[in-house]
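Quick notes on the structure that follows.
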Amino acid sequence: MNQLSEQNQNIKNVAAVDLGSNSFHMIVAIVSDGNLQIVDRIKEMVRLAAGLDAQNRISPEVSKRALACLNRFSQRLRDMPRGTVRIVGTNTLRKARNSEKFISQAEKILGHPIEIISGQEEARLIYLGVSHSLEDEGERRLVMDIGGGSTEYIIGQHFKPEQMESLFMGCVSFSQQFFKNGALTEARMRKAEIAAMQELSSISEQYKATGWDTVIGASGSIISIHDVVIAKGWSSHGITLEALKKLRKEIIATGRIDKLSLPALSEDRKPVFVGGVAILCATFESLDIELMRVSSGAVREGLLYDHLGRIHHEDVRERTIEQLMQRYGIDVAQAKRVEVTALYLSQQVSAEWDLANEERMGMLSRAARLHEIGLAIAHGQYHKHGAYLAQNLYMPGFSLGEQLMLSTLIMGHRRKFPENIINALPKSQVQPIWLLCILIRLSALLHRSRSSAPLPEINLAMTDHKAGLLFPAGWLGDHPLTNADLEQEKQYLKAVGYRLSYS
């Protein structure tokens, strides 16, 4: 077991932070015998989605409010070791054009990296969080989570999601769009519901055809609706269709959002409550739901359990890579050869290149295994086809940033370096990606013959922008094709400011 793996086994505390479009959530848990015991929860209404202007930029005011919240979170997180905290951003940070600036500021405050995840990955984590919060009775579940800017729908059984969708509607965005000045009318409510039903029309028939045994709601909006209907005495077990109709009627009769006076409805929730009600009413109508149970589990709990899997070497990303290799008919033996050589070369230069990092080595390993995925489309320019697949496929367990890095390494494993793409990455990633790209290029080059014969002992030295390969005496003379490939590689490296020597 290597040093990093040993450190993983000794992790005692983990934390997850969900930078949602409406609220920021943080939970901290103790790891004991492979299980999690949550010991701390913090939630703050930030309403990040409400701070997007017409150009989809986070306003300075909302950014300041969000960073102040994270500064409070940081008191709990700043002393936690690297690799024990997972932080994800969802819909609003996916949309915001100036999200990179915000993320950079937030990472400095928190002291841990932030991942931006796709809607489908958000759905997977929601389902994982909900599944761990409920007793597993083997039933097929429909899980729904209303966020500030998106709503996720997942059908699954046990801990495995089967169908996942993320639709562009949320309690913040709908409250702004349909109830902006606070007026509540039947016409406005129906307009919001129809808009939600239009979004749902893309999945409703498919979902109903699949079917489910029970319906579970998660998130602040649904929990708030549940608390209100229970407090009003309209239901004693979850959210019923009849209770939802009564709530809808009372909301409209109130006439204005600022006049809402419902038991168990907090002042913080009130401005976005009606948008969530409209989405839930539309969902009940579109999917013929009569009863929805409520779960406390959501993205942050899913993050913790997903992270626990990584700690115990049950990383869903590894399953994703294996499935992609099988689906796209990748030559497993060749992929393995390139992977082994890339990792072997990396060990020789890890000190100089600061590559003794489990995540970076994981990225190198996965890129090596997928470097030929584009051959499933065409041989010509297959590195470009592979890069497109890696960036645009849904890859369970991967953040959007991780997919971009994987795509960049696949693009850069042959021919010209994707210099513009690499330099456009976040600054902290640029140098490591250059170095990983060189490693995978050299490894793919050395295995171009696709021979099963082992390579000789090869030494790699790297200082500044110079790389030197040392082969056993006479080996290059016996392998003229490799010698020619290395000569060509010298020119590719020279074009981007690196010098390659070999002997």
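Here, each number is a calculation from the coordinates, and none is a lab measurement. Bear in mind the structure is a predicted one, so any value in this text is a computation, not a measurement. Positions of Cβ are generated from backbone atoms using ideal geometry, with glycine treated the same way; all protein chains shown enter the neighbour counts.
Between the Cα long axis of helix 60-77 and the first principal axis of the chain there is an angle of about 70°, rounded to the nearest 10.
When each of M169, M164 is scored by the number of other beta-carbon atoms lying within 10 Å, the sequence from fewest to most is M164, M169. Each residue in E301, E489, E137, E322 was given a count of other beta-carbon atoms within 10 angstrom of its own, and listing them fewest first yields E137, E322, E489, E301.
With R₀ fixed at 25 Å, the C-beta to C-beta distance from H313 to D79 puts the FRET efficiency at about 0.45. Overall, the range 135-294 carries a charge dipole of about 800 debye about its Cα centre when +1 sits on the Cβ of Lys and Arg and -1 on the Cβ of Asp and Glu, all other atoms neutral.
In the chain, the DSSP-assigned H stretches of four residues or longer account for a calculated mean residue ellipticity at 222 nm of -16000 deg cm²/dmol, using -39500 (n - 2.57) per stretch and the full residue count as denominator.
The label-point distance for S133 and S266, in a model that sets each label 7 Å from Cα toward Cβ, rounds to 1.4 nm.
The range 95-163 and the range 462-494 have Cα centres lying 46 Å from one another. Each peptide in 328-337, 17-26, 369-378 was scored by the mean count of other Cβ atoms within 10 Å over its residues; highest first, the order is 17-26, 369-378, 328-337. Ordering V143, S59, Q198 by the projection of their Cα atoms onto the charge dipole of the chain, which places +1 on the Cβ of Lys and Arg and -1 on the Cβ of Asp and Glu, puts S59 at the extreme positive end.
Local charge for L445 was computed over the other residues whose Cβ lies under 15 Å away, with Lys and Arg +1 and Asp and Glu -1, and equals +3. Computed about its Cα centre, the charge dipole of the chain is approximately 1440 debye, with only Lys, Arg, Asp and Glu carrying charge at their Cβ.
So which lysines pass the test for K101, namely a Cα distance under 21 Å, with those fewer than 8 places away in the same chain ruled out? Within reach: K64, K427.
With 20 Å as the limit, the listed pairs K416/K466; K43/K246; K95/K191; K336/K416; K43/K270; K232/K259 have K43/K246; K95/K191; K336/K416 beyond it between alpha carbons.
For the pair V430 and S32, a Förster radius of 51 Å applied to the C-beta separation gives a FRET efficiency near 0.85, rounded to the nearest 0.05. Which of rounded, prolate, oblate describes the range 1-148, given a ≥ b ≥ c as roots of the alpha-carbon gyration tensor eigenvalues and a/c under 1.5 marking rounded, otherwise prolate only if a/b is larger than b/c? Note, shape of the range 1-148 comes out oblate. Ordering D478, D33 from the fewest to the most neighbouring beta carbons within 10 Å gives D33, D478. When only the Cβ of Lys, Arg, Asp and Glu is charged (+1, +1, -1, -1), the dipole of the range 236-324 relative to its Cα centre reaches about 500 debye.
Figure legend: label point modelled 7 angstrom from the Cα of Y344 along Cα→Cβ; residues of the range 357-395 with amide N under 19 Å from it are 361-362, 364-371.
Taking the C-alpha atoms only, the angle from helix 332-353 to the longest principal axis of the chain is near 80 degrees. Of the trypsin sites (Lys or Arg not before Pro) found in the range 130-208, those that fall in a DSSP loop while having at most 15 other beta-carbon atoms within 10 Å are K180. With R₀ fixed at 56 Å, the C-beta to C-beta distance from A484 to H158 puts the FRET efficiency at about 0.55. Compared with the dominant principal axis of the Cα atoms in the chain, helix 186-200 is inclined by about 30°.
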